[in-house]
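*Asks:* Dropping a structure here in structure tokens format, bear with me for questions.
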Amino acid sequence: MNDPFAVFQAMRGNPDFTASNTKGATGNMAVATFLGGAPVLRDVRMSLSEDMTVLTLQIEGLGTVNLPADGTPGETSGSWGEFFDGRYVTLFTFDDTGTIAYSDNRNIMSTVNGQGVFGLETPLDRLPTGSGPVSYSGDFETIGYVTSYTIPAGAATDGTMSMLVDFDSRTISGTTAGDIYYITSGKTLQVDGGATGTISGSVSGNGVAGSFTLNGAESSAFHSFEGNVFGWNADDIGGGVVASITGPGGTGYAYGTFETTRD
């Protein structure tokens, strides 16, 4: 399971999610709709036909769609769909997780974009219990998008996160550090470097959810995250992130991903 080839192999063979021998990978994605308000977090499920020519994509709240391959997919990456005329997905796998980029361009005035992390979830009996909290470290990144014509796009965050995950008490704690890109009162983009914050959350099975802050001198950001524990030895935790970023010029929204590795 600590192999990008294994992730893609596990996705191949049966794209019918209703069948008893369903194969696939799961994850979580942050989804933003142009001029559509705040971004949201959505569960994702994917599988491939045996020859990898069809990707079956199921996004929570958006239904299921079968997408044809765009070109010839590689062994650990590929693209499916029609970029300029509908839904389009790009997958890239590394180690026991991968990233998904999603777009739906069917309505140019309400284009949907998503970013997320997927992989093979850690079996419940492989979660590290009985030995206290487990340390994970990694990073997060969000990008801003237009929710109205009054707040310009550009509000964003990036940085690092250190988490203590207790699989016995099912709690998550930790700290963040990074940068906030916020809108000034003059409607220009500025950066708060050296911002810091805290993480809190919970574990449910092999899923995680919670929030983290990032506070700078002139701005602040509140993030919500959802994700999964991946790998045979609970090696990675990753998923989607949505953020509200407040500066002197108002509040903007952003969406992105987080990925941490077991220390």
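The values are calculated or read from the model by the stated rules, or taken from the named source; none is laboratory data. Given the structure is predicted, the values throughout are model-derived calculations rather than measurements. Methodologically, a virtual Cβ is constructed for each residue, glycine included, from the backbone with ideal geometry; neighbour enumeration extends over all protein chains shown. These area figures cover heavy atoms from the full protein model, side chains too; ligands, DNA and RNA do not enter into them. Shrake-Rupley method; radii C 1.70, N 1.55, O 1.52, S 1.80 Å.
*Asks:* Output the number of residues of region 138-180 satisfying the condition of being over 20 Å from GLY193 (Cα atoms) and among the hydroxyl-bearing types (Ser, Thr, Tyr).
*Replies:* 8
*Asks:* Which of the numbered conditions does SER200 fail, given that it passes all the others? Conditions: (1) within 18 Å of GLY239 (Cα to Cα); (2) surrounded by 15 or more Cβ atoms within 10 Å (Cβ to Cβ).
*Replies:* Of everything listed in (1) within 18 Å of GLY239 (Cα to Cα); (2) surrounded by 15 or more Cβ atoms within 10 Å (Cβ to Cβ), SER200 misses just condition (2).
*Asks:* So, GLY98, is that one under 15 Å from the mean Cα position of the chain (by Cα) and under 24 Å from GLU259 (Cβ atoms) or not?
*Replies:* Values: under 15 Å from the mean Cα position of the chain (by Cα): yes; under 24 Å from GLU259 (Cβ atoms): yes.
Yes; evaluated as a whole, the condition is true for this residue.
*Asks:* Here is a further query. Within region 135-144, does at least one residue satisfy the condition of being assigned to a loop (DSSP other than H, G, I, E, B) and either among the hydroxyl-bearing types (Ser, Thr, Tyr) or in contact (Cβ under 8 Å) with a residue 12 or more places away in the chain (or both)?
*Replies:* Taking region 135-144 first, the residues assigned to a loop (DSSP other than H, G, I, E, B) are none.
No, region 135-144 contains no residue that is assigned to a loop (DSSP other than H, G, I, E, B) and either among the hydroxyl-bearing types (Ser, Thr, Tyr) or in contact (Cβ under 8 Å) with a residue 12 or more places away in the chain (or both).
*Asks:* Next up: State all residues of region 203-229 that are hydroxyl-bearing (Ser, Thr, Tyr) and open to solvent by less than 20 Å² (accessible area, probe 1.4 Å); if no residue qualifies, say none. Give the derivation first.
*Replies:* Narrowing region 203-229 to residues hydroxyl-bearing (Ser, Thr, Tyr): 204, 211, 213, 219-220, 224.
If the condition is that a residue be hydroxyl-bearing (Ser, Thr, Tyr) and open to solvent by less than 20 Å² (accessible area, probe 1.4 Å), then SER219 is the only one that fits.
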